[in-house]
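Here the structure is laid out as structure tokens; the discussion comes afterwards.
What follows is calculated from the coordinates using simple rules that are stated; it is not laboratory data. Remember, it's a predicted structure, so these values are computed and weren't measured experimentally. No Cβ is skipped: glycine too gets one built from the backbone with ideal geometry, and neighbour counts run over all protein chains shown.
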Amino acid sequence: MDHFLYRDGQLFAEDVAIADIAATVGTPFYVYSTATLQRHFKLFDEALDGMPHLVCFAMKSLSNQAVLRVLAQAGAGMDVVSGGEYCRAKAAGVSGDKIVFSGVGKTADEMRMALTGGIRQFNVESEPEMVVLSAVAVELGVEAPITIRVNPDVDAKTHAKIATGKSENKFGIPISRARAVYKMAAELLGLKVIGIDVHIGSQLTDLAPFEAAYLKVADLVETLRADGHKIGRLDLGGGLGIPYTRSNEAPPLPSDYGAMIKRTLGHLDCEIEIEPGRLISGNAGLMVSKVIYVKEGEDREFLIIDAAMNDLIRPAMYEAHHDIVPVIEPDVAHTPAKYDVVGPVCESGDTFGKARDMPVLAANDLVAFRSAGAYGAVMSSEYNSRPMIPEVLVNGDQFAVIRARPTYEEMIDRDIIPQWL
């Protein structure tokens, strides 16, 4: 469920007309719903009710500080994968004891930053990383709390570029080597083993791969405890998918996911951490764009809009689908047109959808890309020297720009020309 609905013939974000935002900030832009963010976080939190847990929002899906603050005020922790994300979380008011640091390539400087600024745990991905973290912790005279990410070799049955739990992926250590790696961790100074981490991929629409991975983790908990390790926390990652089309079969609900966690792991008396990103932020955001031209092709019509692949790269990168809807509600009896929806970037890959059935549209009409809150703004760029587009947050009948569109001058002035030129 989201809070983007037609009312009186116009698309609204909560109680604000999308057209009013467009008139104020220009197009294209991202807009997020506070109510949707809060509701989706609450669904995950309630799904784990009855067992000790923390829901850590996966910041890589959407990292604007205003959004982070909304979620932090609701009780969320944060899952970060870089020093920059760590700094953003802290700037948004998240305390270190609610920040989990994931990622395969943490540097010594990033480790130092988190150990001095406060950290809930590091999700360690390899033996070399453990050695570096041990040295940094000893240097600072502190203990680094760690879980070790195990790769359960489970096929998440998702897009190859967002699968992370198979033996061929770069993430974690093979679960078959877990006992040896945990033994090594216990012997390294400055490290405190507190649990196990697992994450098998993103945009999963079936609970079966999760369950297969979690049953392997349950067996590993018993084995590691028998070896003398104190396993008190299980970080289960994120990955639960969202419906990107209205006709899609709905993915499992957070309540179903929570019930499966309780069924497979509840007997272990462990604190549970989950790290949802997409299901919290995806349907909480739209990208809004304006039609520049409707162009007649040889065998098709092109709807050329002012948003481009640099603003929303998922379709070009993953062949991802986003529903594209008009901001003015079409008449029920409208005759649909068929468009290839494309942007102005000089790449054939700058295509958002082919042969889309849509109402007849004309120059200056507004369209909205649904389910664009996750991996939209965070993956955008200034390719073709196109300024980053604004982000807007709606709360009831109020809206505010939470990232402004830079001017061409501001964008160009970041370049530094050497004195010899």
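In plain terms, the residue of Leu279, Leu286 with the fewest other Cβ atoms within 10 Å comes first and the most crowded comes last, giving Leu279, Leu286. In a simple Cβ point-charge model (Lys, Arg +1; Asp, Glu -1; nothing else charged), region 35-281 has a dipole of about 440 debye relative to its Cα centre. Each label point was placed 7 Å from the Cα along the Cα-to-Cβ direction; for Met51 and Glu143 their separation is 2.5 nm. At the listed q of 0.09, 0.11 Å⁻¹, the Debye profile of the chain, built from one uniform point per Cα, gives log10 I(q)/I(0) equal to -0.60, -0.86.
Given Met51, Ala108, Ala218, which one lies farthest toward the positive end of the charge dipole of region 35-281, if we put +1 on the Cβ of every Lys and Arg and -1 on the Cβ of every Asp and Glu? Toward the positive end, the furthest listed residue is Ala108.
Here is the list for region 187-254: trypsin sites (Lys or Arg not before Pro) lying in DSSP coil, each with at most 14 other C-beta atoms within 10 angstrom of its C-beta, are Lys230, Arg246. Shown here for region 214-290: chymotrypsin sites (Phe, Trp or Tyr not before Pro) in loop regions (DSSP other than H, G, I, E, B) with at most 11 other Cβ atoms within 10 Å, of which there are none. Considering every alpha-carbon pair of region 35-281, the percent of pairs per 10 Å bin, from zero through the bin containing the longest distance, is 8, 33, 39, 18, 2, 0. For a label point 7 angstrom out from the Cα of Ala404 toward its Cβ, which stretches of region 354-397 have the backbone nitrogen within less than 15 Å? The answer is 388-392. Placing dummy labels 7 Å off each Cα toward the beta-carbon, the span from Asp299 to Val332 is 3.6 nm. Here's how it looks for Arg356: its modeled amide H is under 5 Å from those of Tyr339, Asp340, Val341, which are all 5 or more places away or on a different chain.
For the residue pairs Lys60/Lys98; Lys106/Lys230; Lys60/Lys216; Lys106/Lys183, the alpha carbons lie more than 18 Å apart in Lys106/Lys230; Lys60/Lys216; Lys106/Lys183.
Suppose only helical runs count, i.e. DSSP H with n ≥ 4. What mean residue ellipticity at 222 nm does that imply for the chain under -39500 (n - 2.57) per run, divided by all residues and rounded to the nearest 500 deg cm²/dmol?
-8500 deg cm²/dmol
Computed over every Cα-Cα pair of region 185-232 and binned at 10 Å starting from 0, the pair-distance distribution P(r) comes out as 22, 43, 25, 10, 0 percent.
Distances between placed amide hydrogens fall under 5 Å for Asp79 paired with Phe57, Ala58, Met59, Val100, all partners being 5 or more residues away or on another chain. Sorted on the mean count of surrounding Cβ atoms within 10 Å across their residues, most packed first, peptides 393-401, 86-94 read 86-94, 393-401. Residues whose amide H comes within less than 5 Å of that of Ile402, counting only those at least five positions distant or on another chain, are Glu391, Val392, Leu393 (H built at 1.01 Å from N in the peptide plane). What the phi angles of region 98-111 give under the Karplus curve with 6.51, -1.76 and 1.60, with θ = phi - 60°, is a coupling list of 10, 10, 10, 9, 10, x, 7, x, 5, 8, 4, 5, 5, 4 Hz, glycine and proline written as x.
Counting other Cβ atoms within 10 Å as a rough exposure proxy, the listed residues Asp197, Asp206 run Asp206, Asp197 from fewest neighbours to most.
Considering only DSSP beta bridges where both residues belong to region 35-281, give the percentage that are antiparallel (nearest 5). Write down the numbers at each step before the final one.
On the way: 1 of 30 bridges.
Here the share of antiparallel DSSP bridges comes out near 5 percent.
In debye to the nearest 20, how big a dipole does the chain give about its Cα centre with +1 on each Lys and Arg Cβ and -1 on each Asp and Glu Cβ? Spell out each step's value before the answer.
Details: 40 positive and 57 negative charges, 176 e Å.
With only Lys, Arg, Asp and Glu charged at Cβ, the dipole is about 840 debye.
Scalar couplings 3J(HN,Hα) for region 4-12, obtained by applying the Karplus form with A = 6.51, B = -1.76, C = 1.60 to θ = phi - 60°, are 10, 9, 6, 8, 6, x, 10, 7, 10 Hz; x denotes Gly and Pro. Only one residue of Trp420, Tyr30, Ala91 has its Cα farthest out toward the positive end of the dipole of the chain, where Lys and Arg carry +1 and Asp and Glu -1 on Cβ, and that residue is Ala91. Compared with the direct C-alpha span, the chain from Cys87 to Glu271 gains 63.7 nm at full extension, assuming 0.36 nm per residue. Considering only Ser289, Gln10, Tyr257, whose Cα is most displaced toward the positive end of the charge dipole of the chain, charges sitting on Cβ of Lys, Arg (+1) and Asp, Glu (-1)? Comparing the listed Cα positions along the dipole, Tyr257 ranks first.
Around Tyr408, what is the net charge, scoring Lys/Arg as +1 and Asp/Glu as -1 over all other residues with Cβ under 14 Å from its Cβ?
Result for the neighbourhood of Tyr408: -2.
Counting Lys and Arg as +1 and Asp and Glu as -1 over every other residue whose Cβ lies under 14 Å from the Cβ of Ala186, the net charge comes to +1. Residue ranges 97-109, 307-319, 348-360 sort as 307-319, 97-109, 348-360 when ordered by packing (mean number of other C-beta atoms within 10 Å per residue, highest first). With each label modelled as a point 7 angstrom along the Cα→C-beta vector, the Gln65-Ile417 pair spans 3.2 nm.
What percent do you get for the relative contact order of region 35-281 when only Cα pairs under 8 Å and 6+ apart count? Could the numbers behind the result be given before it?
Values: 502 pairs, mean separation 54.1, N = 247.
Answer for region 35-281 is 22 percent.
Which GluC sites (Glu not before Pro) from region 196-295 combine a DSSP loop assignment with at most 14 other Cβ atoms within 10 Å?
Glu249
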